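First the structure, then my questions, so here it is.
Since every read-out is calculated from the coordinates, none of them should be taken as a lab result. The shown structure was predicted, so the numbers you read here are calculated from the model rather than taken from an experiment. Counting neighbours? That spans all protein chains shown, and the Cβs are built from the backbone with ideal geometry, glycine included.
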Amino acid sequence: MIQYNIYIGETVYMAVIAVWGIRRRYPLSWFLLAALSGLYFQLLSAYAVFPLVRMGESFILWSPDSFSLDFANAYSTRQIIENLILTLPMGFVLPFLLDQGKRRRFFTVIAFSVGVEMVQLVGVLLRISFHTFDIKDVMLNAAGGAAGCGLFWLFCRAAAAARFLPDGGHGPLALMIRVARNCAAGRSSLAGIERR
């Protein structure tokens, strides 16, 4: 059942990406990067959303510490690192998928990161999810997404400064370099990548 739900989500994601990319006339290298990002989103949903509750099983809606901001006593170092790593790739992946400027890209990543925990909250309220809602997770997810944006910014600066990297080409690496240089120059991430 769990695998079935994940495969449906991946199929819907790939269909939306295909329509989006074809309408925008993006190159094949964009489709490859979009498919690889789909693997990340699949793992994210498997870890953060599923498993769902089967009929008759009990679960906890939230604990008394769900709204506490006491990280030291409620979370282990491992839990903090896992929550940060969960959404960190989002800050790096979304600029290759969505054509946005710096400020809008940052807020999209934060909204997406917080949305992961909101999906868990809806699952808890509908009594279909084993996960519990915790405000600390919301904060850590947002921090992970922001850290991913910071890593992407460093990548953009490094790609813009590295003059030995090629400007042309049609492969995924050329697309990544073009997106990084667009962002470093203050342009929207996917400016000028349409097929000619």
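Modelled label-to-label distance, Ile128 and Leu32, 7 Å Cα→beta-carbon offset: nm?
If labels sit at Ile128 and Leu32, their model points lie 3.7 nm apart.
On to the next question. Multiply the residue gap between Leu173 and Arg78 by 0.36 nm, knock off their C-alpha separation, and tell me the result in nm, one decimal place.
30.9 nm
Arg187 to Val119: FRET efficiency via 1/(1 + (r/R0)^6), r the Cβ-Cβ distance, R0 35 Å, to the nearest 0.05?
The formula returns an efficiency of 0.60 here.
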